[in-house]
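Have a look at the structure below, then the notes.
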Amino acid sequence: MARERIFQRHRHPIKTFSLGLQHVLAMYAGAVVVPLIVSNALGFTQEQLTYLIAIDLLACGVATLLQVWGNKYFGVGLPVMLGCAFQAVSPMILIGMNSGVSAIYGAIIASGLFVLIFSGIFGKLIRLFPPVVTGSVVTIIGLTLIPVAFHDLGGGQGSEDFGSGVNLMLGFGVLLFIILMTRFTTGFIRSISVLIGLLVGTIAAGFMGEVNFAPIRDASWFHVVQPFYFGRPTFEIVPILTMILVAIVSVAESTGVFMALGKILDKDLSSKDLARGYRAEGLAIVLGGIFNSFPYTTYSQNVGLVQMTRVKTRDVIVVAGGILVVIGFVPKIAALAQLVPGAVLGGAMVALFGMVVSSGIRIIGSQVDLNRHENLFVIACSVGMGLGVTVVPELFAGAPAWAQIMLGNGIIAGSFTAIFMNLLFNGLGTKETAAKMAEQQADAILGETGKSA
């Protein structure tokens with residue numbers, strides 16, 4: 001497709017704005033929930049949380065604009081939206097608890113630089129991450145997040161009213177509402193069911209006196225972006241290895257999104273197009289580390305919106321990115337997300353994190369030959385290792401320091417187990433196999449988003 005057909009300007013401004021706002025709403029819940037989860041787990045103050053949400057929305061907008069720009073150095077030039085990588089939530093929490101917040105952002109910067117430097121050869125690196133490995137890793141990450149959701153649903157770990165009737169009613173009520181929305185709605189409404197569930201749950205909590213309005217009162221109307229808000233980053237090997245693995249998995253998933261959009265737009269993507277896309281994603285991750293937000297990845301839910309609206313031009317995404325940037329400069333708007341009580345957030349998180357698990361299962365089910373005993377064994381051992389180390393982290397406390405790097409983190413242990421066993425049973429694979437896997441992933445994304453649309 002000709003470049004000018006992908007980036008048209010003749011649409012009415014109001015219609016373009018409304019279409020862009022739709023894309024913002026489709027990804028807004030994911031963009032806001034991530035900072036809420038991380039800040040709750042790491043004990044951030046109200047002021048720090050407001051900053052984190054605002055800078056996250058701003059960074060989502062900047063990352064989207066970088067990717068959609070599409071110059072000769074970076075940007076895939078397709079109508080894609082970028083947001084926080086859900087795969088990074090559990091690793092960030094673990095790193096923050098074990099090594100401190102500064103190590104989180106050092107690891108994010110290092111992983112972004114890794115993607116930037118090796119963007120040209122990612123086609124070869126991704127051969128280490130076929131669907132049997134990627135699906136297993138995503139499943140492990142989702143499973144490690146479920147306990148976080150249930151702690152919040154109960155009212156927060158260690159809270160005096162943990163497991164109270166009000167918390168359980170709000171948490172499971174929100175979960176039930178999201179389930180019903182998913183069952184009885186279609187298209188765009190279904191795509192924002194989590195966002196609607198958070199809104200309805202917060203309103204219900206307000207009637208019960210469970211909503212604190214102080215964050216909105218205390219937040220300013222405008223703030224200046226501040227690099228290294230949480231302090232100077234530190235660089236430690238275990239956090240860096242963890243975030244590099246997360247980045248590779250994110251890039252592998254982004255490849256499927258790029259290929260899916262290429263099919264929708266009837267555009268054949270070259271290896272150079274993909275490399276520019278990876279480079280933009282790496283740059284977005286580095287910026288996320290510098291401004292103390294998150295790693296960023298391409299969101300597949302917005303592919304469904306492109307399919308549903310049949311609007312395939314980039315001007316709509318430019319507007320969506322601009323909206324996020326503007327919101328990011330207004331802490332008063334960002335503070336609205338803090339109205340959501342922990343129990344309401346926990347109910348939504350059960351669905352969201354369950355979807356991360358089901359995403360891993362979908363990758364395995366749609367792209368892996370499960371009739372081969374070898375593939376089943378790779379999945380069984382890697383998921384078992386990842387979950388086991390997460391549940392019983394003290395198992396390897398007596399091992400040498402170098403061994404604890406590999407064995408003391410469930411995500412690293414599970415990922416390396418999957419990589420090693422896949423190489424042992426299936427080998428590295430060919431470039432043709434890698435291309436075929438990307439095509440299969442694109443078809444799976446199109447099939448999934450087509451159902452929701």
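The values are calculated or read from the model by the stated rules, or taken from the named source; none is laboratory data. Since the structure is predicted, the reported quantities are computational estimates derived from the model, not experimental observations. Glycine also receives a Cβ, built like all others from the backbone with ideal geometry; neighbour counts cover every protein chain displayed. Each accessible area value is taken on the protein alone, full model and side chains, heavy atoms only, with ligands, DNA and RNA left out. Shrake-Rupley method; radii C 1.70, N 1.55, O 1.52, S 1.80 Å.
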Please name which of Phe329, Gly231, Ala103 has its Cα lying farthest along the dipole of the chain towards the positive end, using unit charges on Cβ (Lys, Arg +1; Asp, Glu -1) and the Cα centre as origin. Phe329
Compute from the Cα atoms of the range 270-389 the Rg and the Dmax, the latter being the longest Cα-Cα distance, and quote both in angstrom. 19.2, 55
Tell me, what % of the accessible area of the range 47-193 is carbon and sulfur with a 1.4 angstrom probe? 69
Counting other Cβ atoms within 10 Å, keep those with at most 13, restrict to DSSP loop, and tell me which chymotrypsin sites (Phe, Trp or Tyr not before Pro) in the range 10-117 are left. Tyr73
Taking only the alpha carbons of the range 157-233, what extent do you get along each of the three principal axes, in Å, biggest first? 46, 38, 28
Accessible area per residue, 1.4 Å probe, Å², for the chain: what's the number? 41
Between the DSSP loop rule and a limit of at most 14 other Cβ atoms within 10 Å, which chymotrypsin sites (Phe, Trp or Tyr not before Pro) in the range 352-425 are left? none
Are there trypsin sites (Lys or Arg not before Pro) in the range 309-413 that DSSP marks as loop and that have at most 15 other Cβ atoms within 10 Å, and which are they? Arg310, Arg372
Based on DSSP H assignment, which helices of the chain show an axial Cα extent of at least 18 Å together with a mean Kyte-Doolittle hydropathy greater than or equal to 0.5? 13-42, 46-69, 101-117, 131-153, 165-184, 193-207, 237-264, 314-328, 342-367, 373-391, 410-426
Could you sort out which of Lys15/Lys272; Lys72/Lys332; Lys272/Lys332; Lys15/Lys263; Lys272/Lys312; Lys15/Lys267 sit more than 31 Å apart by Cα distance in this structure? Lys15/Lys272; Lys72/Lys332; Lys272/Lys332
I want the local charge near Ala85. Using Cβ-Cβ distances under 14 Å, sum +1 for each Lys or Arg and -1 for each Asp or Glu among the other residues. -3
Could you let me know the centre-to-centre spacing of the range 211-240 and the range 107-165, using Cα atoms, in angstrom? 21
Options [x] 0.98; [y] 0.95; [z] 1.01 are given for Rg/Rh (Cα atoms, Kirkwood Rh), and the computed one is [y]
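Using mean Cβ contacts within 10 Å as the protection proxy, how do 151-157, 75-81 order, highest first?
Those peptides, ordered most packed to least, come out 75-81, 151-157.
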Which one of Ile55, Phe213, Ala280 has its Cα pushed farthest toward the positive end of the charge dipole of the chain, where Lys and Arg give +1 and Asp and Glu give -1 at the Cβ? Ala280
